[in-house]
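Below is one structure, written out as structure tokens; comments come after it.
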Amino acid sequence: MARVPNILVLAGLDPSGGAGIQADIQTLTALGCHPLPVLTCLTVQNTQRLNHSEAVTPSLLGRQLDDIARDIPIHAIKTGALGSHELVELIADFIARQCVDVPLVVDPVLAAGGGGSLAGNRLIERLKSRLLPLAALITPNGPEARRLTGEDDAARAGKHLLELGAQAVLVTGGHENSKQLTNRLFTAAEAPEQWTLPRLPGQFHGSGCTLASAIVAGLAHQLTLTAAIEQAQQFVQKTLEMALQPGRGQAIPNRGPSESNRHD
Ligand code: PLP
């Protein structure tokens with residue numbers, strides 16, 4: 001019997017197939033993991049805009065977590081959109097109770113790329129106070145880092161998020177206007193590491209989810225954090241080079257079978 005790491009993924013459903021739980025499932029599967037997908041919210045959106053988001057009930061999510069944990073070993077956890085502040089509390093309680101030694105990657109999804117909120121103030125407050133202290137890594141993009149900390153500068157935002165209890169902070173540069181894109185990793189122990197990557201033309205929907213999922217896959221395969229980030233950046237770059245344009249709005253990363261398997 002083949003054995004691959006089981007990754008618990010808590011995220012929202014994006015019916016355009018670009019972001020959210022579909023991005024996570026496709027990425028984790030491509031990188032040799034078995035996703036355990038638990039939905040936090042369902043959204044109404046297409047590749048142009050997010051119109052609505054509705055959280056699942058705490059009792060449904062709580063029963064799903066308990067049933068999974070009773071049966072399947074969880075090797076790593078990734079969170080995306082969290083649905084409601086009640087769900088953040090429930091998820092944090094579950095992790096603190098059952099999975100405290102399991103690597104947790106928190107993608108602090110606050111809004112859709114094309115606009116539309118996925119997190120209110122109470123959710124953000126619980127994310128900072130309850131989930132961040134459990135996180136091996138948090139992966140905010142520039143706007144998320146600014147909203148979470150009130151700091152414009154990536155280094156100050158990174159330091160602030162470390163002070164809230166995350167072990168490491170990767171501030172990604174995809175949403176800035178610079179010619180190239182720079183991702184910066186802040187940890188307590190070391191000077192920041194940074195990677196400068198070519199910025200591909202166009203706007204993408206779901207690249208943040210893809211990056212965070214690819215990092216958690218690397219961690220679950222016992223890569224160091226630096227190696228997991230490097231592998232994940234390469235994976236994202238490839239999915240963006242082959243991006244799909246299913247609708248009229250943003251392109252989405254192509255996380256499907258590799259080129260050799262595709263029938264065009
Ligand atoms: N999760 C859900 C359910 C979403 O709808 C979105 C954006 O619309 C995201 C996550 C974040 O997407 P991105 O990877 O583009 O930051």
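Data table
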| item | result |
| --- | --- |
| Residue within the stretch 99-113 that is more than 13 Å from the chain's Cα centre (by Cα) and within 13 Å of the ligand (Cβ to nearest atom) present | yes |
| Cβ pairs under 6 Å, 6+ apart, first in the stretch 11-23 and more than 6 Å from the ligand (Cβ to nearest atom), second in a loop (DSSP other than H, G, I, E, B) | S16/N46; S16/T47; G18/H205; G18/G206; A23/G206 |
| Unmet criterion (only one of (1) touching an Asp or Glu at 6+ places or on another chain (Cβ under 8 Å); (2) open to solvent by 10 Å² or more (accessible area, probe 1.4 Å); (3) of a type in the set (A, V, I, L, M, F, W, C)) for V56 | (1) |
| Enumeration of residues in the stretch 103-120 that are assigned to a loop (DSSP other than H, G, I, E, B), open to solvent by 20 Å² or more (accessible area, probe 1.4 Å) and over 19 Å from L137 (Cα atoms) | G113, G114, G115, G116, L118, G120 |
| Residue in the stretch 142-158 that is within 29 Å of P35 (Cβ to Cβ), away from the ligand (no atom under 16 Å from the Cβ) and out of contact with any Asp or Glu (no Cβ under 6 Å at 6 or more places or on another chain) present | yes |
| Contacts under 7 angstrom Cβ, first residue in the stretch 29-56 being assigned to a helix (DSSP H, G or I) and more than 9 Å from the ligand (Cβ to nearest atom), partner basic (K, R) and at pLDDT 95 or above, 6 or more apart | A30/R255 |
| Yes/no for D24 being surrounded by fewer than 17 Cβ atoms within 10 Å (Cβ to Cβ), of a type in the set (D, E) and not in a strand (DSSP E or B) | no |
| Candidate set: the stretch 190-202, residues that are open to solvent by 50 Å² or more (accessible area, probe 1.4 Å) and at pLDDT below 95; chosen: the one nearest to the ligand (Cβ to nearest atom) | G202 |
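Here is a yes/no grid of residues against (1) exposed (fewer than 15 other Cβ atoms within 10 Å of the Cβ); (2) polar (S, T, N, Q):
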{"residue": "L127", "(1), (2)": "no, no"}
{"residue": "L131", "(1), (2)": "no, no"}
{"residue": "Q167", "(1), (2)": "no, yes"}
{"residue": "G173", "(1), (2)": "no, no"}
{"residue": "S178", "(1), (2)": "yes, yes"}
{"residue": "A188", "(1), (2)": "yes, no"}
{"residue": "F204", "(1), (2)": "no, no"}
{"residue": "L219", "(1), (2)": "no, no"}
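The values are calculated or read from the model by the stated rules, or taken from the named source; none is laboratory data. Values in this document were obtained by computation on a predicted structure and should not be read as measured data. With ideal geometry, Cβ positions are generated from the backbone for all residues, glycine too; neighbour counts draw on all protein chains shown. Accessible surface areas use protein heavy atoms only, side chains included; no ligands, DNA or RNA. Shrake-Rupley method; radii C 1.70, N 1.55, O 1.52, S 1.80 Å.
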